[in-house]
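As structure tokens, the structure follows; a few thoughts come after it.
Each reported figure results from applying straightforward, stated rules to the coordinates on display, with no laboratory input. None of these values were measured; they are calculated from a predicted model. Cβ atoms come from the backbone with ideal geometry, glycine included; neighbour counts cover every protein chain shown.
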Amino acid sequence: ITEKDFAFVDDPLVRKHLATQANVTSYRTKTTTSGFNRTTTSEIQHSAADFKYRNIEYEAGKEVSHTISIGDTVYIKDYSDNKWWKQTFKPEETNEEDKPIDVKEEYKQLEVKKPTYKKLGEEACGNLTCYKYEETIPGAGIRTFWFDKSKYLLRKDEVTFGGIKGTNEYEYDGIAINAPSPTKDVPEGRSIYEYVGTSGTAPAPAPVVPPEFNYSVPDGE
């Protein structure tokens, strides 16, 4: 994706940021929500050959859930013995709609959403200096975001729903998602997602499998 794909955006700095961001292949997101005692760290690493994902949830600073997905294989940490449940899904078990979002296509859809951008100045973001903008999408509310002045990468964004504010901080270095060990197989007839956030061998009632966990390589990646 190039800046030409964002010709509908008037601001040249935002065009440069969107084109840069759309071509990122690995990043880490730290999410906090006001009023809640839980934070989440997510990592994504993808290439033409593979798609990797990690999601860790913390409650009061303590890790309470850790999921890794590499291709068609999912790992979930069991805190009772520090081993990882492991389950590999067959290709036919993943529906087309369950595939991960094609980030590049999502950015291309911005033209349909018709966002507007307002520059709010410049601010420090960590050791960097960032441009601060406000994005408004009809029917979707307002998002405030910061991208750095050197690489034009997204460093932070905030979205407010009512009185609740969600904050995401973004990092791009040191992303290395690998298969964990030691592992143990999920019992026959059970879904690995029954073990999310549990300890020991007794699974919770089987929930609906979240589609975002059923990763495979998107077409065109």
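Normalised by the empirical 2.2 N^0.38 Å for globular proteins, what value does the Cα Rg of the range 104-165 take? Each step should come with its number before you reach the end.
Values: Rg = 12.6 Å, N = 62, 2.2 N^0.38 = 10.6 Å.
That works out to 1.19 for the range 104-165.
Net charge of the neighbourhood of Lys114, taken over other residues with C-beta under 13 Å away and scored Lys/Arg +1, Asp/Glu -1, is -2. Tell me the net charge near Gly71. Cut-off is 9 Å between Cβ atoms, Gly71 excluded, with +1 for each Lys or Arg and -1 for each Asp or Glu. Once positives and negatives cancel, what remains is -1. Straight-line cross-link reach from Lys86 at under 26 Å between alpha-carbon atoms covers these lysines, not counting any fewer than eight positions away in the same chain: Lys30, Lys52, Lys62, Lys77, Lys99, Lys184. Compute the FRET efficiency between Ala60 and Asn82 as 1/(1 + (r/R0)^6), taking r as their Cβ-Cβ distance and R0 = 22 Å, and round to the nearest 0.05. The value I calculate is 0.65. Between Val112 and Thr73, the simple spin-label model (points 7 angstrom out along Cα→Cβ) gives 3.6 nm.
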